[in-house]
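Below is one structure, written out as structure tokens; the observations come after it.
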Amino acid sequence: MNILGTFFLDIVAVAVLIWVLDLTRRGRLYVGYGVIFVVAIVGAMIVISVPPLLEFVTNWLDALSPVPGFTLLVFGFTLVMLVYILTQTTVISNRLAEVVQELAILRMKSSADSPGAESAAREMDEEDRD
Amino acid sequence: MDRILVAIPAYNERATIGSVVNSVRANLPNLDLIVVDDGSRDGMGQVLRDLRVMTATHLCNLGYGRAIQTAIKYALVEGYDALITLDGDGQHDARQIPGLIERFRREEWDVLVGSRYIQSRNYASAPLGRRIGMQLFSVLTRIVTGQRVYDTSSGLKMMRRRVFEPLTRWHFVDFHAEAIVYLMRLGYRIGEYPISVAERKYGQSMYSTLSHLAYPLKTSLMILLGVVEAGLVRRRRGK
């Protein structure tokens, strides 16, 4: 790959990296997914930027699955779709977690309003101490 | 400061939760106590009902960070002035908490962390894996905040009401180094109070083999993002 190609792919990788980090910061992408993307993108940038490493990986991949250059577009599309789907999963997961938390608090408060619970337990403790 | 809530996040701690609750009640009789049952499947719920302790039960397991967040949300809406969290596995000694409260009040900390390493200032007593992790996060904290925190992963913490809102507004992994860095970057005062911790006798640690690899990566990323987020929050406040 020539210098212009390396530069172009590095720019694309940095853009995707910033996108993923921003999604993770805003809580729209689960941090575990974020870590996987960051490791993969940084790894790809290293491979792209170091010619001997790129040659080795190219030879190795080509031996396993010879593919045309068009595959790069398919790969890019898949990556975007993957981030999008994981973002939606994270958003739904966050909403579910918030519902579970609110429900837990509401149930605890309603049980506290009924006779019993902590205050009664504390009174019993005080009686025991007396 | 008059209203303090003690919260114990617990998951599958049937063997120890009873003694932890009784110890808190005996040593802190004037404080309110809740347990956050993070979707336990070992019968811990029944133990808590028998103990007649206020329990916020997650219908499914959300993880330690979310359990802590539930306690903070409750403390926020119920108007508590401070929150103390301690683990449900029996590793923390409730007899040390009055000293923690006294130091917290006297030195006016926003968060005071019960620290296993603040006195020795080294990790010689910790197993190798934990030693590396503690060293990493302690150094990272110092780099991004200028203040070293020796025990970033302690479950025993006391926090003032003014940090409840920032801690529920953003998201954290386990409210460890990433939360400490985030709050420090927002200008809150965080200190350490020396404690001793017993070894776990029953149950399982929340960290599996895979999470020993994932935890440092996730926490490191959240530390980095926490610095950015805190900067953005401060900029918004300034406008």
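The values are calculated or read from the model by the stated rules, or taken from the named source; none is laboratory data. Because the structure is a prediction, the values reported are computed rather than measured. Here the Cβ is made from the backbone with ideal geometry for all residues, glycine too, and neighbour counts use every protein chain on show.
The test for being crowded, with 22+ Cβ neighbours inside 10 Å and in contact (Cβ under 8 Å) with a residue 60 or more places away in the chain does not hold for B:Leu136. Count of region B:1-35 residues, restricted to those that are under 19 Å from the mean Cα position of the chain (by Cα) and over 19 Å from B:Ile97 (Cα atoms), is 3.
Within region A:85-99, residues that are under 23 Å from B:Ala56 (Cβ atoms) and facing chain B (nearest Cβ under 9 Å) sit with their Cβ atoms under 7 Å from residues that are of a type outside the set (S, T, N, Q) and assigned to a helix (DSSP H, G or I), at 6+ positions apart or across chains, in these pairs: A:Ala97/B:Arg66. Of all the criteria given as (1) in contact with a strand residue (DSSP E or B) (Cβ under 8 Å, 6 or more places away or on another chain); (2) buried (at least 21 other Cβ atoms within 10 Å of the Cβ), the one not satisfied by B:Asp81 is (2).
Among the residues of region B:20-29, at least one is in a loop (DSSP other than H, G, I, E, B) and within 30 Å of B:Asp110 (Cβ to Cβ). Of the residues contained in region A:111-129, none is found to be at pLDDT 95 or above, exposed (fewer than 14 other Cβ atoms within 10 Å of the Cβ) and within 30 Å of B:Asp50 (Cα to Cα). The set of residues in region B:107-133 being basic (Lys, Arg) and either exposed (fewer than 13 other Cβ atoms within 10 Å of the Cβ) or without any contact (Cβ under 8 Å) to a residue 40 or more places away in the chain (or both) consists of B:Arg121, B:Arg130, B:Arg131.
Scanning region B:2-38 for residues that are crowded, with 19+ Cβ neighbours inside 10 Å, of a type outside the set (D, E, K, R) and either free of Cβ contacts under 8 Å to residues at least 12 places away in the same chain or on the phi > 0 side of the Ramachandran plot (or both) turns up just one, B:Asn12. Across region B:53-109, the qualifying residues are those that are within 14 Å of chain A (Cβ to nearest Cβ) and of a type in the set (Phe, Trp, Tyr), and the one among them that is farthest from B:Asp32 (Cα to Cα) is B:Tyr64. Look at region B:29-47 and say how many of its residues are within 11 Å of chain A (Cβ to nearest Cβ) and not small (Gly, Ala, Ser). Looking only at that region, the number is 10.
Every test in (1) at pLDDT below 95; (2) among the acidic types (Asp, Glu); (3) closer than 30 Å to A:Leu96 by Cα is passed by B:Asp81 save one, and that test is (1). Applying the condition of being surrounded by 16 or more Cβ atoms within 10 Å (Cβ to Cβ) and not small (Gly, Ala, Ser) to region A:13-27 and asking which residue is farthest from the other protein chains (Cβ to nearest Cβ) yields A:Val16. Taking A:Ser49 and the conditions (1) polar (S, T, N, Q); (2) farther than 13 Å from A:Leu9 by Cβ; (3) surrounded by 12 or more Cβ atoms within 10 Å (Cβ to Cβ), which numbered condition does it fall short on, given that it satisfies the others? All conditions pass for A:Ser49, except number (2).
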